[in-house]
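Below: the structure, in structure tokens.
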Amino acid sequence: MSWIENDFERVVFAQHPPLAEIKRILLGSETPEAALYASLSGSGSALFGLYLTQGDAESARERLRRAGVRSELTRTLPRAAYWREMLV
């Protein structure tokens with residue numbers, strides 16, 4: 001997914017280097033559970049990683065925990081499922 005990019009990262013990471021480190025942890029390039037993609041969301045309210053399996057995401061969460069970073073596991077939903085769950 002290298003064609004997806006958040007240009008805001010250049011500005012934010014230069015001013016807040018710990019956020020760049022969190023992205024590096026999310027990516028996990030040196031691990032077998034590497035992220036498919038990691039980035040700032042939109043204008044930077046959060047960092048996120050996309051993983052192939054739940055186990056890979058849980059490994060990233062453990063790496064973040066060891067670094068003292070709080071995280072939440074979530075899952076993506078197809079649009080129809082999103083609306084079904086939002087209306088329940």
Quiz item: Exactly one of (1) without any contact (Cβ under 8 Å) to a residue 12 or more places away in the chain; (2) surrounded by 11 or more Cβ atoms within 10 Å (Cβ to Cβ); (3) assigned to a helix (DSSP H, G or I) is unmet by Ser71. Its number?
Solution: (3)
Exercise. Hey, can you tell me all the residues within segment 10-30 that are within 13 Å of the chain's Cα centre (by Cα) and closer than 13 Å to Ser45 by Cα?
Key: Leu19
Quiz item: Any idea how many residues of segment 1-17 are surrounded by 13 or more Cβ atoms within 10 Å (Cβ to Cβ) and either modelled with pLDDT of 95 or more or not polar (S, T, N, Q) (or both)?
Solution: 4
Quiz prompt | Ala20 being assigned to a loop (DSSP other than H, G, I, E, B), free of Cβ contacts under 8 Å to residues at least 24 places away in the same chain, of a type in the set (A, V, I, L, M, F, W, C) and surrounded by 12 or more Cβ atoms within 10 Å (Cβ to Cβ) | solution = no
Practice problem: Could you list all residues from segment 50-68 that are closer than 15 Å to Leu19 by Cα, outside any helix (DSSP H, G or I) and in contact with an Asp or Glu (Cβ under 9 Å, 6 or more places away or on another chain)? | Solution: Ala67
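The values are calculated or read from the model by the stated rules, or taken from the named source; none is laboratory data. Note that this is a predicted model, so its numbers are computed, not measured. When we count neighbours, we look across all protein chains shown, and the Cβ atoms used for this are built from the backbone with ideal geometry, even at glycine.
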